[in-house]
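In what follows, a structure is listed as structure tokens, so that the remarks can point back to it.
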Amino acid sequence: MKSTLVSVMVLLAASASCEQTFGASGEAVRFPHPDRIHYDGQCLTIDGKDTLIYSGSFHYMRCPQSLWRDRFRKIKEAGFNAVDTYVPWNWYERDMPGGMDDFTRFDFRDLKAWLKMAHEEFGLYTIVRPGPYICAEWDGGGFPRWLLTQKPASPKRAVWLRSDDPVYLAWSKHWYDAVCPVIAVEQVTQKPPGKAGVILFQIENEYDLYQGVSEEARVNHLRALYEYAVARGINVPIFTCWTKQCRNSNYEELANVFDGSNMYPRWNMQAVEDRLHTLHTAQPNAPVIVPELQGGWFAQVGHQLSEDQEGIDAAQINHLTLLNLQDGTTIMNYYMLFGGSNFGDWASRDQLSTYDYFAPIREPGGVGDKYLAVKAIGLMLQQYGTSLVRSRPIPCEAETTNKEVAIAIRRGAQGDMFVFCRNESRTKACHGSVAVKPSDGGALEFEYDLPAGGFKILHLPARVTDATKGEWLPKPVAAPEHPSVVPARVRITSARKRFEPGGSDWVPVQPGESLPDKGVNDSRFVFYRSKFHLTPPQLEKFRYLALDLSTSDKVVLQINGKLIVSSEPLIAVGDALHAGDNDLLALYENRGQANFGSSMGDLPGIRSALLSSRTGWSTPLDHWRVSLLPKGDGKREVAPDFDDSSWDGFVMDDQTIAEFAALDQPGALGPKNPIARILFDKNATAVFRTKVDVSEEAIKAGR
């Protein structure tokens with residue numbers, strides 16, 4: 001095999017002492033409790049111990065509380081020392097409060113319980129990210145819909161959300177005033193030394209990707225959020241992600257904030273190295289943090305499920321993680337480690353109810369190759385993390401028999417050596433030998449065996465250059481044992497149903513009024529109705545209906561008893577109209593608020609309606625009324641003694657299941673669809689419930 005001479009230079013990380021407290025700009029960083037927690041250019045130091053943070057995202061609101069302990073146990077068993085969560089504003093303040101000083105709608109019992117379980121029962125540090133903007137494929141990116149109605153008629157900025165508009169900032173302070181004290185009492189600084197607690201607090205989120213806000217407004221916004229957090233008790237390090245204003249800032253407040261970079265490269269590992277280099281250069285006195293290291297990817301309506309997507313398998317997550325360790329990342333958090341479910345229509349627009357994410361811990365709690373990969377890394381870090389966290393890169397020359405194989409070296413804090421050996425080819429396995437000359441002296445030779453996209457670390461003790469005395473990391477982890485005989489699958493054959501009355505209590509709605517203006521701050525179905533009179537000449541002229549929807553939501557129409565489904569801008573309604581009095585009933589499907597971009601500020605609802613001709617003549621439909629179909633309470637668990645004796649039986653046969661499956665198809669709510677007919681004929685929504693007797697063996701087998 002032809003030999004190739006490879007000269008490898010790895011990123012130079014600052015090796016400043018933990019006692020230094022200077023930000024990227026040279027401004028002194030204020031650590032309120034430096035003896036408890038502080039950072040320098042390499043890592044966090046917690047209670048005097050340099051700590052490599054190995055974390056994963058687990059959103060408590062996407063998992064029933066009865067399953068938290070199972071998820072935490074799997075996280076702990078995989079060697080993680082931290083866990084991360086968003087805190088959605090709209091989850092807690094679903095309806096508009098009486099004013100900015102009204103905090104009566106907040107109930108943080110679930111957040112408090114989740115933090116307590118993470119800290120006290122499992123000894124995990126936590127990273128908390130309360131926004132106000134969280135993205136997260138969550139409805140509105142975490143913003144309550146009622147907040148959108150508070151935008152001033154003449155706002156200070158054209159883009160209002162996430163700006164320095166005084167009204168927006170005042171409401172952001174209202175949110176921080178409520179949530180920060182809950183987080184503050186759980187900070188590691190409030191715990192006895194050696195005990196787990198909140199170690200990091202995030203303001204803003206992926207700000208660089210948000211368009212339309214000036215540099216001045218961004219800085220003002222960030223400074224305000226920092227001040228609100230500190231004023232309400234936050235005294236652990238504060239960070240952001242993809243927020244360049246917090247890199248090398250000359251502002252006193254932002255000098256106390258360090259930035260991170262999220263990484264969703266699939267297999268574009270060069271982009272990872274470029275981004276890490278940028279972080280090192282911009283923030284030499286802050287540790288490299290990756291708040292979101294790709295743990296999978298989300299699934300959207302009409303697209304592939306997460307598990308069917310390419311580039312997010314076990315080999316990729318191993319390669320991506322080890323590359324970050326090679327280049328000096330000491331705070332990393334998988335997004336997601338456990339994805340869960342979007343219960344109660346809390347998914348953002350076009351997102352599925354599943355948030356499985358093809359994460360290492362799957363939506364039902366099961367584990368597979370990706371979990372084994374991150375567990376192998378976690379167990380490796382438990383053994384060698386204290387050496388890696390203060391390791392330094394050593395330039396080297398490497399002569400290898402495969403040009404696809406790249407070599408890099410880090411010297412550990414105890415003098416041990418980590419030789420990073422990765423196969424850059426995604427299609428070809430590589431087996432060969434390499435001769436390495438580190439710049440700090442010595443030489444070593446070894447053989448490697450790497451699958452396509454493979455990445456391993458050869459660890460050698462201090463002053464050892466005989467590769468045969470080293471060990472390859474991460475060590476493979478055995479898969480959990482599966483039972484050889486599993487119970488038969490459980491088929492749900494019947495359920496009970498109840499119709500929630502709707503189409504009553506009609507209230508008037510004025511042109512331009514949104515659903516949040518009428519108190520609808522969720523994703524329920526809504527009926528609109530207009531009764532109007534047409535003369536014979538008008539009937540002949542106006543054959544189309546134009547609806548001005550303030551979002552890309554959809555409607556299904558019933559005009560004089562005839563169902564009409566159309567996605568055209570002009571809906572042909574002429575055949576359903578007649579001279580005299582007409583009754584138009586529109587079932588409005590509110591598909592959720594966008595979680596990103598300027599459309600987050602769109603107010604849902606029918607803004608106006610026109611009867612129109614093809615040539616442009618039109619007349620507005622007035623006297624609209626709206627009826628709010630009941631919305632479920634979003635509860636994910638039903639009490640065992642729940643009384644459903646008044647509910648009707650419902651047979652779940654193959655035909656019924658097929659009819660429900662058809663609801664996902666284009667034009668599903670058409671005239672022949674039984675669900676559409678129920679909605680219109682009964683003016684009702686349906687609630688279904690079933691009871692299933694499952695054995696303990698079936699539960700274990702189905703995990």
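Values for this structure:
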read-out: Filter result (open to solvent by 60 Å² or more (accessible area, probe 1.4 Å), more than 30 Å from Ala443 (Cβ to Cβ) and either β-branched (Val, Ile, Thr) or outside any loop (DSSP other than H, G, I, E, B) (or both)) within the stretch 453-498; value: Val485, Val486, Val490, Ile492, Thr493, Ser494, Arg496, Arg498
read-out: Tabulated pairs, the stretch 338-350, first more than 22 Å from Gln294 (Cα to Cα), second acidic (Asp, Glu) and open to solvent by 10 Å² or more (accessible area, probe 1.4 Å), C-beta under 8 angstrom, 6+ apart or interchain; value: Asp345/Asp522
read-out: Residue list for the stretch 305-351, restricted to those being touching an Asp or Glu at 6+ places or on another chain (Cβ under 9 Å) and part of a loop (DSSP other than H, G, I, E, B); value: Leu305, Asp313, Asp327, Gly339, Gly340, Asn342, Trp346, Ser348, Arg349
read-out: Single residue of the stretch 342-355 satisfying the filter (open to solvent by 20 Å² or more (accessible area, probe 1.4 Å) and small (Gly, Ala, Ser)) that is farthest from Tyr264 (Cα to Cα); value: Gly344
read-out: Residues being of a type outside the set (S, T, N, Q) and part of a helix (DSSP H, G or I) - total across the stretch 500-554; value: 8
read-out: Pairs with Cβ under 8 Å, 6+ apart, first in the stretch 641-654 and within 11 Å of Lys497 (Cβ to Cβ) and open to solvent by less than 50 Å² (accessible area, probe 1.4 Å), second among the aromatic types (Phe, Trp, Tyr) and not in a loop (DSSP other than H, G, I, E, B); value: Phe650/Phe688
read-out: Members of the stretch 395-420 that are within 10 Å of Val434 (Cα to Cα) and among the β-branched types (Val, Ile, Thr); value: Thr400, Thr401, Val405, Ile407
read-out: Among (1) crowded, with 20+ Cβ neighbours inside 10 Å; (2) of a type outside the set (S, T, N, Q); (3) over 13 Å from Gly131 (Cβ atoms) - the single one Leu209 does not satisfy; value: (1)
read-out: Subset of the stretch 524-552 (residues that are open to solvent by less than 30 Å² (accessible area, probe 1.4 Å) and either at pLDDT 85 or above or of a type in the set (Phe, Trp, Tyr) (or both)); value: Val526, Phe527, Tyr528, Ser530, Phe532, Leu534, Phe542, Leu545, Ala546
read-out: Yes/no for Pro193 being part of a loop (DSSP other than H, G, I, E, B), open to solvent by 10 Å² or more (accessible area, probe 1.4 Å) and more than 20 Å from Asp95 (Cβ to Cβ); value: yes
read-out: Residue check, Lys635 open to solvent by 40 Å² or more (accessible area, probe 1.4 Å), in contact with a strand residue (DSSP E or B) (Cβ under 8 Å, 6 or more places away or on another chain) and at pLDDT below 50; value: no
read-out: Candidates Asp84, Asp50, Asp110, Asp40 - the one that is modelled with pLDDT of 95 or more and surrounded by fewer than 18 Cβ atoms within 10 Å (Cβ to Cβ); value: Asp110
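The values are calculated or read from the model by the stated rules, or taken from the named source; none is laboratory data. Everything numeric in this text was worked out from a predicted model, so none of it was measured. So basically every Cβ, Gly included, is an ideal-geometry build from the backbone, and we count neighbours across all protein chains shown. Side chains are part of the model used for accessible areas, which takes the heavy atoms of the whole protein and leaves out ligands, DNA and RNA. Shrake-Rupley method; radii C 1.70, N 1.55, O 1.52, S 1.80 Å.
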